[in-house]
Amino acid sequence: MPRRGHRPSTGTANKPRFWGRHPVTAALANPERTVRKLWGTREALAGLDLPSSLPVTYADVADLGRLVPADAPHQGLVAEVDPLEDIWLGDLLAQGRDDRRPLVVLDQVTDPHNLGAILRSAAAFDALGLVTQDRHAPPESGTVARAASGALETVPWVRVVNLARALDEIAEAGFWRIGLTGHATQTLGEAMGGQRLAIVLGAEGEGMRQNTEAHCDELARLPISDKVESLNVSNAAAIALYAAATRPAA
């Protein structure tokens, strides 16, 4: 372990470090995830079914704290992992035409806490998957994994180079693309039908870019009161996913 007073790297995009019981145990349980190293207290490691090939280091709480960002709630567990393999959009969209699970599309949502919270809501409401840009979205990281509380391992996450082209491909697969924006005249409930649904949300503060709006079939807003100007993008995503999950059957 590193000497006291020195904080090592907390992981890289190629070898992120996850911390906390839910993110680490979910990573260990995911057959698609390669866990390279594991550090933990004896109490936290007790009872975990670990592969014999996994390097495990027993550590105290203070040592674990130096492996992660300051004040990160590691709960006695830290893992170094490989990022998941890329998923192709076409493979995700190829699932059955009668699959009414919604797809979530994010336009330049860059905050890792928001991304992780959206992944968690996507898992809670059984979304088909998440689509983001490759260059304008956070990489896999301990912060994303912690906010997702295990959902990073279960929700398919597709990264695309060009979001407009991806939205065209999504439409060709039979999805109705609804962009959420505060300036829309109709509510989400009014815009939703019984077809396959793609919910498009924009960046924190700025919202969707104009070109992204142009690649939506309809724009809609959430029926919030005028006491607040807008909702955090992760809160908006959770409400929209709930609305999609509870809409009447076609």
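The values are calculated or read from the model by the stated rules, or taken from the named source; none is laboratory data. This is a predicted model, so every value here is computed, not measured. Counting neighbours? That spans all protein chains shown, and the Cβs are built from the backbone with ideal geometry, glycine included.
So for region 36-53 (the condition being among the acidic types (Asp, Glu) and more than 19 Å from the chain's Cα centre (by Cα)), does at least one residue qualify? Break it down stepwise before answering.
Kept after step one, since they are among the acidic types (Asp, Glu), are these residues of region 36-53: 43, 49.
If we keep only those that are more than 19 Å from the chain's Cα centre (by Cα) too, we end up with 43, 49.
Scanning region 36-53 turns up at least one residue that is among the acidic types (Asp, Glu) and more than 19 Å from the chain's Cα centre (by Cα).
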Original post:
Name the pairs: first residue in region 188-203 and without any contact (Cβ under 8 Å) to a residue 40 or more places away in the chain, second residue hydrophobic (A, V, I, L, M, F, W, C), Cβ to Cβ under 9 Å, at least 6 apart or on different chains?
Top reply: GLU190/ALA220; ALA191/TRP176; ALA191/ILE178; ALA191/ALA184; ALA191/LEU219; ALA191/ALA220
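Considering PRO223, PRO156, which residue is surrounded by fewer than 22 Cβ atoms within 10 Å (Cβ to Cβ) and over 21 Å from GLY96 (Cβ atoms)? Quick ask: steps written out before the conclusion?
On the way: PRO156 fails: over 21 Å from GLY96 (Cβ atoms).
After ruling out the rest, the residue left standing is PRO223.
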**OP:** Inspect all residues belonging to region 164-174 and state whether any of them is in contact with an Asp or Glu (Cβ under 9 Å, 6 or more places away or on another chain) and not hydrophobic (A, V, I, L, M, F, W, C).
**Re:** no
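Each row is one residue, and each column tells you yes or no for (1) assigned to a loop (DSSP other than H, G, I, E, B); (2) surrounded by 18 or more Cβ atoms within 10 Å (Cβ to Cβ); (3) not small (Gly, Ala, Ser).
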site: VAL24; (1), (2), (3): no, yes, yes
site: TRP39; (1), (2), (3): no, yes, yes
site: GLU43; (1), (2), (3): no, no, yes
site: LEU48; (1), (2), (3): yes, no, yes
site: SER53; (1), (2), (3): yes, no, no
site: ASP71; (1), (2), (3): yes, no, yes
site: GLU85; (1), (2), (3): yes, no, yes
site: ASP91; (1), (2), (3): no, no, yes
Original post:
So, of the residues in region 27-37 that are touching a strand residue (DSSP E or B) at 6+ places or on another chain (Cβ under 7 Å) and assigned to a loop (DSSP other than H, G, I, E, B), which turns out to be nearest to VAL81 (Cα to Cα)?
Top reply: THR34
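Residues to consider are LEU180, LEU152, LEU163, LEU167; find the one that is at pLDDT 95 or above and either under 21 Å from VAL68 (Cβ atoms) or under 12 Å from the mean Cα position of the chain (by Cα) (or both).
Working: LEU180 fails: either under 21 Å from VAL68 (Cβ atoms) or under 12 Å from the mean Cα position of the chain (by Cα) (or both); LEU163 fails: either under 21 Å from VAL68 (Cβ atoms) or under 12 Å from the mean Cα position of the chain (by Cα) (or both); LEU167 fails: either under 21 Å from VAL68 (Cβ atoms) or under 12 Å from the mean Cα position of the chain (by Cα) (or both).
Sole residue among the options that is at pLDDT 95 or above and either under 21 Å from VAL68 (Cβ atoms) or under 12 Å from the mean Cα position of the chain (by Cα) (or both): LEU152.
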**OP:** Could you tell me which numbered condition ARG101 fails, if it satisfies all but one of (1) in contact with an Asp or Glu (Cβ under 6 Å, 6 or more places away or on another chain); (2) not assigned by TED's automatic domain parsing to the domain that holds ASN232?
**Re:** (2)
Original post:
Considering GLU190, GLU206, which residue is of a type outside the set (S, T, N, Q), modelled with pLDDT under 95, under 27 Å from GLU140 (Cα atoms) and surrounded by fewer than 17 Cβ atoms within 10 Å (Cβ to Cβ)?
Top reply: GLU206
Subject >> Considering residues of region 107-160 that are touching a residue at least 40 places away in the same chain (Cβ under 8 Å) and of a type in the set (Asp, Glu) only, the residue nearest to GLN210 (Cα to Cα) >> reply: ASP107
